[in-house]
1. Kindly provide the set of residues from segment 87-100 that are under 38 Å from the mean Cα position of the chain (by Cα) and surrounded by fewer than 16 Cβ atoms within 10 Å (Cβ to Cβ), ordered by number.
2. Looking at (1) more than 30 Å from G192 (Cα to Cα); (2) surrounded by 13 or more Cβ atoms within 10 Å (Cβ to Cβ), which one does N155 not meet, given that it meets all the others?
3. Out of curiosity, is T99 over 30 Å from G177 (Cβ atoms) and in contact (Cβ under 8 Å) with a residue 60 or more places away in the chain?
4. Does A148 satisfy being aliphatic (A, V, I, L, M), under 30 Å from Q73 (Cα atoms) and surrounded by 13 or more Cβ atoms within 10 Å (Cβ to Cβ)?
5. State all residues of segment 350-364 that are loosely packed, with under 14 Cβ neighbours inside 10 Å and not in a loop (DSSP other than H, G, I, E, B); if no residue qualifies, say none.
6. Quick check on P30: is it open to solvent by 60 Å² or more (accessible area, probe 1.4 Å), outside any strand (DSSP E or B) and in contact with a strand residue (DSSP E or B) (Cβ under 7 Å, 6 or more places away or on another chain)?
7. Do you know which residues across segment 314-342 are at pLDDT below 85 and open to solvent by less than 30 Å² (accessible area, probe 1.4 Å)?
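The values are calculated or read from the model by the stated rules, or taken from the named source; none is laboratory data. Everything quoted here is computed from the prediction, not taken from an experiment. Note that we place each Cβ from the backbone using ideal geometry, even for glycine, and neighbour counts take in every protein chain shown. For accessibility, only protein heavy atoms count, side chains too; no ligands or nucleic acids. Shrake-Rupley method; radii C 1.70, N 1.55, O 1.52, S 1.80 Å.
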Amino acid sequence: MKKSTIAAIVMIAPALAACGQSQSQPKSAPPPPQVTIAKPVTRQIADQDEYVGRFVAVDSVEIRARVSGYLDQIHFRDGQMVKQGDLLFTIDKRPFQNTVAQARGTLAQAKANLAFAEADLERAKQLVRDRTITEQTFDQRTQAQRGAAASVAANEAAVRQAELDLEFTELRAPVAGRIGDRRVSPGNLVTGGAGGTTTMLANIVSLDPIRFEFTMDEASYLRYERFSGSGKEVTGREGGVIVGLKLLDEKTFEHRGYMDFVDNAIDKSSGTIRGRASFSNPNVVLTPGMFGRIRVPGSPAYNAMLLPDAAIGTEQIRKFVLVVGDDNTAVQKYVTLGPLSADNLRIIKDGINAGDRVIVNGLMRVRPGQKVTPQEQGVGPAGPQAKS
């Protein structure tokens, strides 16, 4: 071997040895992932059930003519709010005023006849004692007095009916609420009376308070009745149970009302039963026929633990959380979930303790049995909140 070749080998050997040493040295392990931990919030809550339903008016009245005549005036704007007793329509009064005057005249004549018959009867009493007139004549005058009295009573009733018909020419709002549009224009002949051919003029629906009707399934109804039967009022028939409601464009159940009715029979075709709640509506935004979603108590109040939804993982069909132990090792615990609370925290019914330190942020970076670097935070209404 040539001297130059030997020299090259001698120079390369130390470099190869150094390279081998660098490859054989172990790499440094990555630091434990940082996660946010928090203890569950313990709170007394009640499960909530949600249903979809519609608003209905407490009072809905059709304004119909009670006497026949020509419509004279309309005293409202279509769609306006009216108070109870407000004048809405006027029917031509002149024929009814004439009828009242005629009835009063007839009554005056009947009273005059009664006065004459009574005076004649008084004279007859003395005459019959003196044997001046016969008993038959006295009986005739007695009958005349009674007939005159009956005529007065009949004419008094006729006057009252004529005055009532005159009063019916003014149609007033029977309830407070919003009136719809007019169905008949002035100048048209409207038909009144008690038959089915009466003319409908408008309709009024009350708005404050307003009711919300919904249907619940038979299983839910049975659950509510079981609680009520054991003295734990949930959604009872007596009213007073507080409920929440939100409209289609609202995110939270900000409207507060109370249950006031549960129907007395389950519908055979659908297997549901009707429930009803009452809500105040001072700004009259809630309107009959409008859809909404109601939240009613589904159980009596109980102590529960709550966590943000971000702290809950899924393993096939089971739910779990990762709890950090005293040695900062993540441990998997399977949990039983309840519904969301009013502040969007998930109710945990079983699987954890009040003192567990649960990973609420960084769950995807951790595996069970792995060391972590925990940073403790609190759980507030809107989720994890850093402790100061």
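1. In the first step, residues of segment 87-100 are kept if they are under 38 Å from the mean Cα position of the chain (by Cα); the result is 87-90.
Of everything in segment 87-100, just one residue is under 38 Å from the mean Cα position of the chain (by Cα) and surrounded by fewer than 16 Cβ atoms within 10 Å (Cβ to Cβ), namely L87.
2. Of the numbered conditions (1) more than 30 Å from G192 (Cα to Cα); (2) surrounded by 13 or more Cβ atoms within 10 Å (Cβ to Cβ), the odd one out for N155 is (1).
3. Details: over 30 Å from G177 (Cβ atoms): yes; in contact (Cβ under 8 Å) with a residue 60 or more places away in the chain: yes.
Yes, satisfied.
4. Numbers: aliphatic (A, V, I, L, M): yes; under 30 Å from Q73 (Cα atoms): no; surrounded by 13 or more Cβ atoms within 10 Å (Cβ to Cβ): yes.
No; evaluated as a whole, the condition is false for this residue.
5. Restricting attention to segment 350-364, the residues satisfying the condition of being loosely packed, with under 14 Cβ neighbours inside 10 Å are 350, 353-355, 364.
Listed by number, the residues that qualify are D350, M364.
6. no
7. Result: G338, S341.
Yes/no matrix, rows are residues, columns are (1) open to solvent by less than 60 Å² (accessible area, probe 1.4 Å); (2) touching a strand residue (DSSP E or B) at 6+ places or on another chain (Cβ under 9 Å); (3) farther than 30 Å from S60 by Cβ; (4) modelled with pLDDT under 85:
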{"residue": "E135", "(1), (2), (3), (4)": "no, no, yes, yes"}
{"residue": "A144", "(1), (2), (3), (4)": "yes, no, yes, no"}
{"residue": "L164", "(1), (2), (3), (4)": "no, no, no, no"}
{"residue": "G180", "(1), (2), (3), (4)": "yes, yes, no, no"}
